[in-house]
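No lab work stands behind these numbers, since they all come straight from the coordinates. What you see is a predicted model; the values in this text were computed from it and never measured. No Cβ is skipped: glycine too gets one built from the backbone with ideal geometry, and neighbour counts run over all protein chains shown.
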Amino acid sequence: MGVLWMIRSCCVLGLLALTTLIVASSMEMSLAAGLRATVDTRWGVTTMVDLYLGLFAVAGWIAYRERSVVRTFAWFVGLCL
């Protein structure tokens, strides 16, 4: 059992778990209603700010390492989605 097999297995399990959570959440409420519910609480806002500050830190590191501005922008958009 190699390391690559373990990484692939973890990725597949993570994908299955995330897909299950997305489907279950979508059946409970719409995305817009979920976002409204999230930003209605201080913990929701705190979580969103924490998430995006972390993403900006990663984007800064990518911008430092990436040679192309276009690819840097594509990475940034991908991170924020």
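The stretch between residue 69 and residue 56, if pulled fully straight at 0.36 nm per residue, gains 3.1 nm over its current Cα-Cα span. Hull volume per residue, based on the alpha-carbon atoms of the chain and their convex hull, is 137 Å³.
The helix-based estimate of mean residue ellipticity at 222 nm for the chain, built from -39,500 (n - 2.57) per DSSP H run of four or more residues and divided by its residue count, is -29500 deg cm²/dmol to the nearest 500. Here the chain is assigned +1 on the Cβ of each Lys and Arg and -1 on the Cβ of each Asp and Glu. Its dipole about the Cα centre then comes out at about 280 debye.
For residue 17 and residue 45, the difference between the fully extended length at 0.36 nm per residue and the C-alpha to C-alpha distance is 7.6 nm.
Would you be so kind as to identify all helices of the chain, as entire DSSP H runs, whose Cα atoms reach 20 Å or more along the helix's own axis and whose mean Kyte-Doolittle hydropathy is at least 1.6?
Qualifying helices, which must be both long enough and hydrophobic enough, are 3-28.
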